[in-house]
Amino acid sequence: MGPRQPLPPEPEHPARVETPEELVSRSIVLPSGELRLLQPRAAAELPDVGGVEWAPVAPYWSVLWRSGVVLATELDGVALQGMRVVELGCGLAVPSIVAARMGASVLATDACQEALTLAARNAHANAVSIRTEAVDWAEPDELVRKAPFDLVLASDVLYERSSVALLLTLLPRLAPTAWVADPQRPPAGAFLEQARRRWKVETSARDVVRIYRLRLGG
């Protein structure tokens, strides 16, 4: 296997873009500085608080899920310079943007092209560059061809039990390490049980969110 190459830069976006009426601005305060995001207005009215919630109206990708914020906070301040990072099911891609801020070369992936378009726009607004790619976990060969990455990120991606086997199969094909954040949705319990049989897993908690750090091998 040849040397790892950094991901190419994202094409430049216009220096100034008017905010459409259907988007609202959100702010996340991190030690490294404020992170500003555009988010669909309908999703901004669905705060992810209290018990484990679903998004009954807005697309799931458009909600500012607390798991993504927690994972981004964990990444903030981590030395990622020169590392290749991929985020699965990125949605608003908050962890991807912070990883790029920490110096990583980042590929943000999601099944929804609309999510990827807004993720790239938000990265540009925060003075970082990320690459984006539409990925179906059931057909990941194109993504796997871009491996190996150094780190896989995923936050609140285990909504359905069917996702468990797909994620368990995909992770070790991408990188030796993965950080997975989840607000204790039921499928995450099944994922964790099987992951611990295969790999070393370290767990930390912030409120209802659990972060699983998986060592997937060489």
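The numbers here are math on the coordinates, done by the rules we state, and not lab data. Since the model is a prediction, treat every value here as computed from it, not as a measurement.
Roughly speaking, what is the stretch gain from ASP207 to ASP136, that is 0.36 nm per residue apart minus the C-alpha to C-alpha distance, in nm to one decimal?
Value of the extension gain: 22.5 nm.
Mind checking the log10 I(q)/I(0) for the range 174-216 at q = 0.14, 0.15, 0.24 Å⁻¹? Debye, one equal scatterer per Cα, no solvent, two decimals.
Listed by q, the Debye log ratios stand at -0.28, -0.33, -0.81.
Which of rounded, prolate, oblate describes the range 64-215, given a ≥ b ≥ c as roots of the alpha-carbon gyration tensor eigenvalues and a/c under 1.5 marking rounded, otherwise prolate only if a/b is larger than b/c?
Values: a/c = 1.42, a/b = 1.28, b/c = 1.12.
Note, shape of the range 64-215 comes out rounded.
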